[in-house]
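We did not get these values from a lab; they are worked out from the coordinates using the rules stated. Being a predicted model, the structure only gives us computed values, none of them experimental. As a convention, Cβ positions derive from the backbone with ideal geometry for all residues, glycine included, and neighbour counts pool all protein chains shown.
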Amino acid sequence: MVTTGRRRSRATGLAAAAVAVVLAAIAGCSQAPAGKPTADAWPAWRSLCRVSAPAALAAQLGRSVPESLRGEVIPLGMAGSLAFVSAWTPGFSGVAALNLATGGLRPIRSFPRPEKDQADGSAGGRWVAWEQTVSLRTLDKFIVYAFDSATGRLLTLGRSLSGPGGVAWPSPWHPPAVSGHYAAWAQGYGAGGEVEVRLADLATGRVRIVRQGHTQPPFFYRNLLVWPESDRPGAQTTLHAITLSTGRPAALPAVLRAVHGTDVVVTDGTRTAYLSPDLTSLYYSPAPDQRARVVLTLPAGAYFAGLALGPGSLAWTTTAATYLASTSTGAYAKVTPKYGDAIASGPGVMISDPPSEKVSHPVLPLHILRTAGLRWPSCPAG
């Protein structure tokens with residue numbers, strides 16, 4: 001499975017959302033380094049190098065999913081020839097499955113109030129799970145859904161919790177994580193930034209609370225559910241894990257033991273990437289037993305806003321643009337003119353261009369990149 005390090009945001013305001021994410025993350029995380037690299041075996045490249053987009057990549061970026069040119073279509077994840085999206089199109093507003101072969105849009109759940117409702121989620125195999133918010137003023141009030149693309153079954157997994165006066169407790173900005181028949185998310189349950197981690201077995205519909213405290217959104221790593229946690233408000237987070245089959249605490253692989261102070265971690269169970277607490281450096285490791293090292297540091301004034309790991313590739317969004325790299329050669333290229341978004345799921349990477357105009361539901365051209373067979377130049381060794 002692949003997890004996506006993406007905080008919840010509307011693609012209509014990616015520049016403002018990115019800045020807001022940066023400020024919130026820096027305010028809530030210690031600035032200690034995310035871990036010193038070791039001298040373990042490594043690919044020939046040690047730092048990412050920027051190149052012009054390979055011809056095959058440029059060709060894929062030149063093609064847009066037709067439905068994304070008819071209205072606002074925000075990708076959530078992908079499974080085979082299906083892309084799961086939240087959409088505001090002339091014929092439908094809600095969460096849907098988009099058939100990439102035929103262009104058909106299969107409604108999953110419509111938005112009761114399209115002018116206010118939003119959805120952000122992720123996919124893993126046949127399942128997609130999402131949090132559907134019901135207000136333009138806050139993202140803290142939401143309902144959690146999951147959909148089985150094989151059977152058409154729709155589950156309601158939970159909803160945000162309200163405190164005194166019926167106001168929802170603050171929750172982290174992050175979509176649910178999905179792997180196999182499991183989904184997990186974090187939601188506020190009390191004052192002082194108290195957040196609980198919830199795990200759903202999608203095969204049975206059972207949802208249980210696996211952790212409460214000063215936690216952050218979870219992700220899956222092979223047979224583990226992992227989440228950042230601090231022992232007191234404002235303290236730097238470290239990662240904790242349980243085994244999915246037993247629910248018991250589990251030891252972390254070496255690559256995750258070095259991760260501190262960040263909740264932006266992506267992994268496929270072999271490769272792992274994460275961001276520094278101040279969102280200016282990108283760490284990468286090719287194997288579970290190898291601690292990650294810094295492979296890219298942004299110039300002053302620029303910040304990372306998202307991270308995704310796809311087949312043979314690594315994608316990230318900054319306050320300037322979205323980029324795609326080869327994890328085999330270390331070469332990377334710019335793939336949006338500015339801002340944008342990248343979602344890695346299943347067989348490829350989905351790239352959304354930024355809006356061309358300021359309207360309530362702008363067109364966001366969506367590109368499907370099949371990254372496994374792309375030929376990239378090699379970065380210098382060492």
Handout entry: Nonlocal amide H pairs with Tyr221, under 5 Å, H built at 1.01 Å
Key = Val226
Practice task
Multiply the residue gap between Ser47 and Ala300 by 0.36 nm, knock off their C-alpha separation, and tell me the result in nm, one decimal place.
Solution key: 89.3 nm
Practice task
Pop out the Kirkwood hydrodynamic radius of region 243-301 from its pairwise C-alpha distances, inverse of mean 1/r, in Å to one decimal.
Solution key: 12.4
Problem - Theoretical FRET efficiency, 1/(1+(r/R0)^6), r = Cβ-Cβ of Ser378 and Asp201, R0 30 Å, to 0.05 - result: 0.10
Handout entry: Rounded, prolate or oblate (a/c below 1.5 giving rounded, otherwise prolate when a/b exceeds b/c) for region 188-278 by Cα gyration tensor
Key = oblate
Fill in the blank from the handout: Between Glu357 and Ala191, the FRET efficiency computed from the C-beta separation at R0 = 45 Å comes out, to the nearest 0.05, as 0.65
Completion exercise
Rounded to 0.05, the calculated FRET efficiency for the beta carbons of Arg222 and Arg70 at R₀ = 45 Å is 0.70
Exercise for the section: Please arrange Cys379, Cys49 by counting, for each residue, the other beta carbons lying within 10 Å of its beta carbon, fewest first. Expected result: Cys49, Cys379
Fill in the blank from the handout: Taking only C-alpha positions in region 217-369, Rg and Dmax in angstrom work out to 16.4, 50
Fill in the blank from the handout: A correct fewest-to-most ranking of Asp201, Asp289, Asp341 by other Cβ atoms within 10 Å would be Asp289, Asp201, Asp341
Practice task
Please work out, to two decimal places, the log10 of the ratio I(q)/I(0) at q = 0.08, 0.10 Å⁻¹ from a Debye calculation in which every Cα of the chain carries one identical scatterer.
Solution key: -0.36, -0.58
Completion exercise
Simple SL model, points at 7 angstrom along Cα→Cβ for Ala321 and Ala55; separation in nm is 2.1
Fill in the blank from the handout: In the chain, lysine pairs 8 or more places apart or on different chains with C-alpha atoms under 30 Å apart total 7
Completion exercise
Packing-ranked peptide list from 290-299, 357-366, highest mean Cβ count within 10 angstrom first, is 290-299, 357-366
Problem - Neighbour-count ranking [beta-carbon atoms within 10 angstrom, fewest first] of Arg198, Arg257 - result: Arg257, Arg198
Practice task
Would you pull out the residues with amide H under 5 Å of Val264's amide H, same chain only if 5 or more places away, H placed 1.01 Å from N?
Solution key: Leu275
Fill in the blank from the handout: Here, Arg63 and Asp289, labelled 7 Å along Cα→Cβ, have an inter-label distance in nm of 4.1
